[in-house]
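The values are calculated or read from the model by the stated rules, or taken from the named source; none is laboratory data. Quantities reported herein were computed from a predicted structural model and do not represent experimental measurements. As a convention, Cβ positions derive from the backbone with ideal geometry for all residues, glycine included, and neighbour counts pool all protein chains shown.
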Amino acid sequence: MSKIHILENSLANMIAAGEVVERPSSVVKELVENSIDAHAHNIQVSLFEAGRKKIVVEDDGEGMDREDAVLAFKRHATSKIATSYDLFKIKTLGFRGEALPSIASVSRVTLTTSTGSGVGTEVVIEDDELAVKDAPLRQGTIVSVEELFYNTPARLKYLKADFTENSNSIEMMCRLALAHPEVSFTFYIDERKQFQTTGRGELLEVIKDIYGHDVAKKMVPFHFSNADFAISGYLGKPELAKASRYFIITLLNGRNVYMPKVQTSIIESYHDFIPPTRFPFVVLSFQIEPALVDVNVHPSKKEVRFSKEADLRLALLQNIPLALREKNLVTEIAVAPKTEKISEQMNFDLDLGTKTEPMPTRPIPQASQDIHPLAEDVPAFNAYVAPEKTLTSLRAVAQLQLTYIIAEGPDGGFYLIDQHAANERINYEKLQRLFNRDLVVTEPLIPIVITLSPSEVTLFSETKMALLRAVGLEFEPFGVNAYKVTQIPVWAKEYDEKAYVDELVYEVLHEDRLDIPKLRTHVIATMSCKRSVKANDRLSLADMQYLLDTLLKCDNPHACPHGRPTIIHFNKYELEKMFKRTGV
Ligand code: ADP
Ligand code: MG
């Protein structure tokens, strides 16, 4: 007797649902994407009991006639692609024809739809049974999903607390809204409005509608394009830096996707501006010729592949710092009045969880457990950045604890400069300039031999050698486990040749995902650190003045290469306030 049989349709759908419908937020995503594909202008989403009880998505899109409304629940039924040729130039969000049958296989679905002509249709599906009847004529579609996972107890159990499921859905809705400024979204959880966007087509307005005015004010516009792709969107100023990667939002051709390489490039491009433990707040939209993109990697289309990724990376690494640098970024100290209530210090609604911006000038207590996870971010330091201030001169006054320089500026108050951080910044920019010149190489002054451990020898591949060649180093074998350096950049002589070689070889051997820009950045940062005055170095007034003058000539004098601030300003107003002087 044969043992193979074709799975029943309902079972096949449930299996597909395993991939597409993971939790309430995936239902939200699939339904909203259908509404967007149907060219809706207004989409309203309502969740009840975190979506376990009911999820309703209502749109004013094209709607479906009766035949389509029934067909839509068949697996692989789609209006979006027809031939394999179409698969390589997908312009819609959906195309697999899986979402509706999958959702219907794990819940009770009611679909009400109309194209605006003839009579409307209502389709109710429960336990694979379809009931069809007439419905009102209003053009558009309403999909109501009830009792999600009622027949898959394992899935149901796997759902997290309401709070977590809600925050996943909020996150999903935010991203959908950011990806489609041309659509007006209204989002409710248990009848409470979470946010509403206007649908006027302005990304910055959507950012404001979702994250609030304070955040929108601190976004820097960003545009870049070449023959293969166009990037546009907003870069959060360094002060908006977050404790998680959550706020690096990348959209590809209107689709919210996770692009690991792009994300890393964005993080690296902020290297100069924020501390290494923080992540930027960024909303960037990428337009790439659909033929270069493969969205058919994963059923949920969360991850995509595309060619030209290396070019994209370079474009981000070069242009994001330029856009950020246009602003002047001195760290400004502000003193929090002690009398203020905690609730006033937090500019967000604990229940809503969407207005996540803490007041940037005030210290925020550690997030308590009932604060929405999206809101747990705390400003990087008890300080904020004042872009309008342009610092042109500083007069060194004294050295403090052999670590800080006290200085006076033109605008009253005083400045504290971290001498090591400042010197690092100076060296960093100097090295960057040296690196960007044509690489002139020479033989090392004193012979340099590097000895590797056996495991390191096996790691020292041709690709790694090529990387090192790109930063001016050439090697030849020297015995069994040693190499002699035959070539080194001329400028390295000025520094410490041996340190340069050691640092690079170590990094190349032990860091797998290294490319040339990353290697350069790394070596520049470590070399500049090694060369810099340390804390506990005594400086003369003249040394200090020289350091300050040179610092202010830097492109980005306000942060060390690791993103920590170099200059902190104690302004006159705050000082007078602290001393309770008259008039303030
Ligand atoms: P896909 O989106 O991959 O085509 P779905 O199962 O999500 O597959 O939807 C099946 C089909 O139902 C779609 O191709 C579309 O024609 C139709 N459809 C689904 N939702 C809507 C909607 N909100 N408005 C109009 N048509 C819809
Ligand atoms: Mg779909």
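A few remarks follow.
- Hits in region 1-22 (condition: in a loop (DSSP other than H, G, I, E, B) and surrounded by fewer than 22 Cβ atoms within 10 Å (Cβ to Cβ)): 1, 2, 3, 4, 5, 6, 7, 8, 22
- Criterion applied to 542, 466 was being outside the structural domain of residue 262 (by TED's automatic domain parsing) and under 29 Å from residue 314 (Cβ atoms), and the one residue passing it is 466.
- Yes/no for residue 154 being more than 16 Å from ligand 1 (Cβ to nearest atom) and not polar (S, T, N, Q): yes
- Scanning region 58-86 for residues that are in contact (Cβ under 8 Å) with a residue 40 or more places away in the chain, among the basic types (Lys, Arg) and near ligand 1 (Cβ under 9 Å from one of its atoms) yields 75, 80.
- Some residue of region 49-57 being at pLDDT 90 or above and within 11 Å of ligand 1 (Cβ to nearest atom): yes
- Unique match (being within 15 Å of ligand 2 (Cβ to nearest atom) and either in a loop (DSSP other than H, G, I, E, B) or outside the structural domain of residue 253 (by TED's automatic domain parsing) (or both)) among 82, 69: 69
- Condition met for residue 502 (surrounded by fewer than 17 Cβ atoms within 10 Å (Cβ to Cβ), in the same structural domain as residue 567 (by TED's automatic domain parsing), out of contact with any strand residue (DSSP E or B) (no Cβ under 8 Å at 6 or more places or on another chain) and not in a strand (DSSP E or B)): no
- Residue within region 36-54 that is of a type in the set (Ser, Thr, Tyr) and over 30 Å from residue 157 (Cβ atoms) present: no
- Checking every residue in region 474-489 against the condition of being surrounded by 15 or more Cβ atoms within 10 Å (Cβ to Cβ) and assigned to a helix (DSSP H, G or I) gives zero matches.
- Strands (runs of 3 or more DSSP E) enclosed by region 116-189 - at least 2 residues per element that are within 20 Å of residue 61 (Cβ to Cβ) and in contact (Cβ under 8 Å) with a residue 60 or more places away in the chain: 140-146, 184-189
- Any hit, region 435-455, residues being under 24 Å from residue 315 (Cα atoms) and among the aromatic types (Phe, Trp, Tyr): yes
- Filter result for the condition that a residue is hydrophobic (A, V, I, L, M, F, W, C), assigned by TED's automatic domain parsing to the domain that holds residue 192, closer than 21 Å to residue 80 by Cβ and modelled with pLDDT of 95 or more, over 20, 27: 27
- Note on region 30-57: residues that are without any contact (Cβ under 8 Å) to a residue 60 or more places away in the chain and within 11 Å of ligand 2 (Cβ to nearest atom) total 1.
- Residues of region 531-545 satisfying the condition of being surrounded by 14 or more Cβ atoms within 10 Å (Cβ to Cβ) and farther than 17 Å from residue 563 by Cβ: 531, 533, 537, 539, 543, 544, 545
- Test: residue in region 337-352 that is part of a loop (DSSP other than H, G, I, E, B), within 27 Å of residue 21 (Cα to Cα), of a type in the set (A, V, I, L, M) and modelled with pLDDT under 50: yes
- Residue count for region 468-494 satisfying the condition of being out of contact with any strand residue (DSSP E or B) (no Cβ under 7 Å at 6 or more places or on another chain) and either acidic (Asp, Glu) or more than 23 Å from residue 458 (Cα to Cα) (or both): 4.
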